Amino acid sequence: MKFQISPRASDMIILFYVVGSLYLRFYLESKVQISPLNSIVIGLSFVVIIWSLIKLKVLVPNWFGLFKTQSNLKE
């Protein structure tokens, strides 16, 4: 049995993850002078982590109902 998080919880986790990672990057860049290349690598690392969780179907985002999905079209 796969571990899946509900769509609404997935949306909230993704939202907090994105806001937290942006805060961390901006805070880190203001305190420690890092190069733009290092900043891009850190940002891509954050994106790859969340992308892999979505691809593994651990997170099943609904994207806050903004996009039409197949299940929404059938209703």
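Kindly indicate whether ILE14 is touching a strand residue (DSSP E or B) at 6+ places or on another chain (Cβ under 8 Å) and either open to solvent by less than 70 Å² (accessible area, probe 1.4 Å) or free of Cβ contacts under 8 Å to residues at least 60 places away in the same chain (or both).
Considered against the rule, which asks whether it is touching a strand residue (DSSP E or B) at 6+ places or on another chain (Cβ under 8 Å) and either open to solvent by less than 70 Å² (accessible area, probe 1.4 Å) or free of Cβ contacts under 8 Å to residues at least 60 places away in the same chain (or both), ILE14 comes out as yes.
Scan the range 24-68 residue by residue and report those that are assigned to a helix (DSSP H, G or I), hydroxyl-bearing (Ser, Thr, Tyr) and modelled with pLDDT under 90.
Answer for the range 24-68, where residues must be assigned to a helix (DSSP H, G or I), hydroxyl-bearing (Ser, Thr, Tyr) and modelled with pLDDT under 90: TYR27, SER30, SER39.
Would you check which residues across the range 1-57 are within 18 Å of PHE67 (Cβ to Cβ) and among the hydroxyl-bearing types (Ser, Thr, Tyr) and list them?
SER6, SER10
The values are calculated or read from the model by the stated rules, or taken from the named source; none is laboratory data. Owing to the predicted nature of the structure, the values given are computational and were not obtained by experimental measurement. Using ideal geometry, Cβ is built from the backbone for each residue, glycine included, and neighbour counts are taken over all protein chains shown. Keep in mind that these areas ignore ligands, DNA and RNA; they rest on the heavy atoms of the full protein, side chains included. Shrake-Rupley method; radii C 1.70, N 1.55, O 1.52, S 1.80 Å.
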